[in-house]
Amino acid sequence: MELLPDILGRWMKDAFVRAFPEEAGRMETVAVVAAANPEFGDYQCNAAMPLAKALRQPPRKVAETVLAGMEMPSFLSKVEVAGPGFINLFLSDAWMVERLVELSRDPRLGAPEPGLGRTVVMDYGSPNITKPLHIGHLRSHNIGSAIDRLHRFLGYRVIADNHLGDWGTQFGVTIMGYRHFGDPEKMRKEPLEELERVYVLSYEKTKTDPEWLARCREELVKLQSGDPENVALWRDFTRYSIEELEHTYGRLGIKYDLVRGESHYRDKLLPTVEFLAGKGLTRISEGATVVDLEEEGLPLCIVRKSDGGFNYATSDIATVRSRIEEFMPDRIVYVTDERQQLHFRQVFAICRRLGIETALDHVWFGLMRLPEGTFSTREGNVIPLERLLDEAVTRAKKVLDETSPEMPDGRKKEVAEAVGIGAVKYADLSQNPQSLVTFTWEKALALDGNSGPYLQYAYARIASVLDKYGERFPGMDLQSFPVSVSEQVERTLVLHLLRFGETVRRAAEAYKPSVLCDYLYELAGVYSSFYQNVPFLKADEGVRESRVRICGITASVLGTGLKLLGIRTPERI
RNA sequence: GCCCCGGUAGCUCAGUUGGACAGAGCAUCGGAUUUCUAAUCCGACGGUCGCAGGUUCGAGCCCUGCCCGGGGCGCCA
């Protein structure tokens, strides 16, 4: 299905070109956007005003001239010029309803497939292992997996790779910590907590004890050069970490195609530096191998340390080359926090120098903070991610106990899990990714207002309506009844449903799941208003069926949208 | 010192890339349930969009300067 703004934009462009062939021909597109206010119609076009300047004519006159030569197309009921020169477009009810039915028969609900034939590698989550996830890890996983699903929905072939930090300096520190402070008993029971504990102890010691620091580096070099004992430890640490990660990923509904980690590219580090050197991009500075990036206005980038070791930049360049070779992607997308902006600009610049043309995008998001400031292990104010999820589920369960006492216990547990985690995920996704996020329990666990549970509740109410309809009017063939709109709120709902495709496209293009959240919240709001103020099961036959069909389509759109966000949709709450 | 973000209602945040009188949620206050799930709905209250200039038909959005907060800037990732 072609998207509404595209259909309307094309018609407007025709109108402009017909009226002003020369000037309008130079306009690349004539943008049509959703109207700012329902009074002003359904969509509006503002192109007459900029054009008026070039033509040296009053904008209203330009708009009127544009419209004068056009016949009213079937999809519009009214077009008018308003204010300084806005062109307001009113969609025809009959056409909207026709489109809605078409949408309901489309498994993609009217969304386009711009990604067909395209491959994108997505790198998100990518935590450093040997530490439990904390609330700061939520954003990359959550935002990344939502962008991932949006792209798959739009037809892209997505390769989601969890690029674990499993080969860095921290292993020397952790190995030393484990050898000297490790408790085998705790290691069996809570490996990640234990690994983090010994890491912190060992790390503190590096700051006061230079010899300790030197020994940590030694252990890292031993690991990286294949020392069997250290490699065995590294394997254990990695295995424990991944097992625990998988548990949290299961709760969050995050799935990867690949979980490779930096270690996967360890044999490619030296060849990468040699390749860079072969291209004449490197020089030696203070014993380190560096790439100058002055032309790009960036600071120089170290690709090999003076002690012979490699760092993050080298690893990422090696990873880009490997991914291109293996998957031939059209694009590689990284989702990390804002602190890595410079790093990726450097890496991308070096890739360009190497002649890599694959699109490379860094999607960054604001750090999560606590009201009192940043959190850190040393401050002791780190909130483990699992604890946040547990707390959310507990609160959801409490509400369920009050509102749905009749629900069987097992079922209640499932619903509480879905609702609690839905609340946490939605609270994070609904913010503009680039805003700095201040974590508060109140916000993360909100169950009413603009929240995940509000959307899930709306969904469950619809599911209930559909069931009740089936019970009370058995044997009716819903699809054989026509859809029509009579109430204002009903029309608003239909219009909103028709905008699903354009919203999904915009959310994916902008890498902003929050765009979809806004849309779904508004959809649920319009539906709730409809539900509360317009009878359907009690309406006359015909009107009843039309409204129940609209309910069904709303359920599809809301359900699909929530699934794209990774939020589950219980049929009963 | 240089670079990147942010500053919008008491609080937490939107604002479709320059359009119509700046919008939600929370909080506060008032109303709605013999009815399709009240985790809901309807309404009220609430703003110098950090400050000062500038660009133009039009600025929360673009430009310049300043103030406040966060982050980054050669061997961590």
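For the stretch A:556-573, what does the Karplus curve 6.51 cos²θ - 1.76 cosθ + 1.60, with θ = phi - 60°, yield as ³J(HN,Hα) per residue in whole Hz, taken in order and with x for Gly and Pro?
For the stretch A:556-573, the Karplus-derived couplings read 4, 5, 4, x, 5, x, 5, 4, 5, 7, x, 10, 6, 10, x, 6, 9, 10 Hz, x marking Gly and Pro.
What shape does the stretch A:124-374 have by the C-alpha gyration tensor, where a ≥ b ≥ c are the square roots of the eigenvalues, rounded means a/c under 1.5, and otherwise prolate means a/b greater than b/c and oblate the rest?
oblate
List the residues of the stretch A:55-69 whose backbone N lies under 17 Å from a point placed 7 Å from the Cα of A:Ala36 along the Cα-to-Cβ direction.
A:59-60
Cut-off is 10 Å between beta-carbons; in what order do A:Thr238, A:Thr438, A:Thr208 appear when sorted fewest neighbours first? Write down the numbers at each step before the final one.
Numbers: A:Thr238 18, A:Thr438 14, A:Thr208 8.
By the 10 Å Cβ count, ascending: A:Thr208, A:Thr438, A:Thr238.
Tally Lys/Arg at +1 and Asp/Glu at -1 over every other residue whose Cβ is under 13 Å from the Cβ of A:Gly250; what's the total?
Numbers: positive: A:Arg251, A:Lys255, A:Arg568; negative: A:Glu243, A:Glu244, A:Glu246, A:Glu386, A:Glu417.
After counting each charged neighbour, the total is -2.
Whole-Hz Karplus ³J(HN,Hα) for the stretch A:528-541, in order, using 6.51 cos²θ - 1.76 cosθ + 1.60 and θ = phi - 60°, x for Gly and Pro?
The phi angles translate into 4, 5, 4, 4, 6, 10, 10, x, 10, 5, 9, 6, 5, 3 Hz.
Given R₀ = 60 Å, what would the calculated FRET efficiency be for A:Glu326 paired with A:Ser486, taking r from the Cβ atoms and rounding to 0.05? Don't skip to the end; give the middle numbers.
Working: r = 57 Å, r/R0 = 0.95.
After rounding, the FRET efficiency stands at 0.60.
At a Förster distance of 35 Å, what's the computed FRET efficiency of A:Phe473 paired with A:Lys53, Cβ-Cβ distance as r, to 0.05? Walk me through the numbers on the way to the answer.
Working: r = 59 Å, r/R0 = 1.70.
FRET efficiency, A:Phe473 to A:Lys53: 0.05.
Mind pulling the angle between the C-alpha long axis of helix A:452-472 and the longest principal axis of chain A? Nearest 10 degrees, somewhere in 0 to 90.
Compared with the principal axis, the helix lies near 50 degrees.
Tell me which GluC sites (Glu not before Pro) from the stretch A:262-307 have a DSSP coil assignment and no more than 13 other beta carbons within 10 Å of their own.
Values: sites: A:Glu262, A:Glu274, A:Glu286, A:Glu294, A:Glu295, A:Glu296; in loops: A:Glu286.
In loop regions of the stretch A:262-307 (DSSP not H, G, I, E or B), the sparsely surrounded GluC sites (Glu not before Pro) are A:Glu286.
Could you give the angle, 0 to 90 degrees to the nearest 10, between helix A:385-403's Cα long axis and the longest principal axis of the Cα atoms of chain A?
Rounded to the nearest ten degrees, it is 40.
Hey, can you grab everything whose amide H is under 5 Å from the amide H of A:Leu370? Only 5+ residues off in sequence or another chain; H modelled, so Pro and N-termini drop out.
A:Phe375, A:Phe439
Need one number: % antiparallel among DSSP beta bridges in chain A, to the nearest 5.
On the way: 21 of 42 bridges.
Once the DSSP bridges in chain A are tallied, antiparallel ones form about 50 percent.
So what's the back-of-envelope 222 nm ellipticity for chain A, counting only DSSP H runs of four-plus at -39500 (n - 2.57) apiece and dividing by all residues, rounded to 500?
-17500 deg cm²/dmol
Using 0.36 nm per residue of separation minus the Cα-Cα distance, give me the extension gain between A:Glu190 and A:Trp441 in nm, one decimal. Walk me through the numbers on the way to the answer.
Working: separation 251, 0.36 × 251 = 90.36 nm, distance 2.55 nm.
The A:Glu190-A:Trp441 span can extend by a further 87.8 nm.
List the residues whose amide H sits under 5 Å from the amide H of A:Asn311, counting only those 5 or more places along or on another chain, with H placed 1.01 Å from N in the peptide plane.
Amide H to amide H, under 5 Å and 5 or more residues apart or across chains, A:Asn311 pairs with A:Lys305.
Using modelled amide H (1.01 Å from N, peptide plane; none on Pro or chain starts), what sits under 5 Å from the amide H of A:His134, excluding residues fewer than 5 places away?
A:Leu385
Could you tell me which residue out of A:Thr130, A:Ser241, A:Ala146 lies farthest along the dipole of chain A toward its positive end? Charges go on the beta carbon: Lys and Arg +1, Asp and Glu -1, centred on the Cα centre.
Highest projection toward the positive end goes to A:Ala146.
Dipole size in debye (nearest 20) for chain A around its Cα centre, Lys and Arg Cβ +1, Asp and Glu Cβ -1? Working shown, then result.
Details: 72 positive and 82 negative charges, 74 e Å.
Value, rounded to 20: 360 debye.
Based on the Cβ-Cβ distance of A:Ile284 and A:Phe181, what FRET efficiency does E = 1/(1 + (r/R0)^6) give at R0 = 60 Å, to the nearest 0.05?
Numbers: r = 39 Å, r/R0 = 0.65.
The pair A:Ile284/A:Phe181 has a calculated efficiency of 0.95.
Taking the 0 to 90 degree range and rounding to the nearest ten, how far is the long axis of helix A:170-181 tilted relative to the main principal axis of chain A, both from C-alpha atoms?
Approximately 60 degrees, to the nearest ten.
Using only Cα atoms, locate the centre of the stretch A:388-428 and the centre of the stretch A:23-48, then give the distance between them in Å, rounded to an integer.
A separation of 44 Å, based on Cα centres.
Need one word for the stretch A:332-484: rounded, prolate or oblate. Basis is the Cα gyration tensor (sqrt eigenvalues a ≥ b ≥ c); a/c below 1.5 gives rounded, then a/b vs b/c decides. Write out the running numbers ahead of the final one.
On the way: a/c = 3.44, a/b = 1.57, b/c = 2.19.
Oblate shape, in that a/c is at least 1.5 and b/c is the bigger or equal ratio.
Rounding to the nearest 20 debye, state how big the charge dipole of the stretch A:480-566 is about its Cα centre with +1 on each Lys and Arg Cβ and -1 on each Asp and Glu Cβ. Could the numbers behind the result be given before it?
Values: 10 positive and 9 negative charges, 41 e Å.
Dipole about the Cα centre, nearest 20: 200 debye.
Trypsin sites (Lys or Arg not before Pro) within the stretch A:4-66: which are DSSP loop residues with at most 13 other Cβ atoms inside 10 Å? Walk me through the numbers on the way to the answer.
On the way: sites: A:Arg10, A:Lys13, A:Arg18, A:Arg26, A:Lys53, A:Arg56, A:Arg60, A:Lys61; in loops: A:Arg26, A:Arg56.
Within the stretch A:4-66, the qualifying trypsin sites (Lys or Arg not before Pro) (loop, at most 13 other Cβ atoms within 10 Å) are A:Arg26, A:Arg56.
Readers should treat all values here as calculations from the given coordinates under stated rules, not as data from a laboratory. All figures in this text were calculated on a predicted structure; none of them were measured in a lab. All Cβ positions, glycine included, derive from the backbone under ideal geometry; neighbour counts span all protein chains shown.
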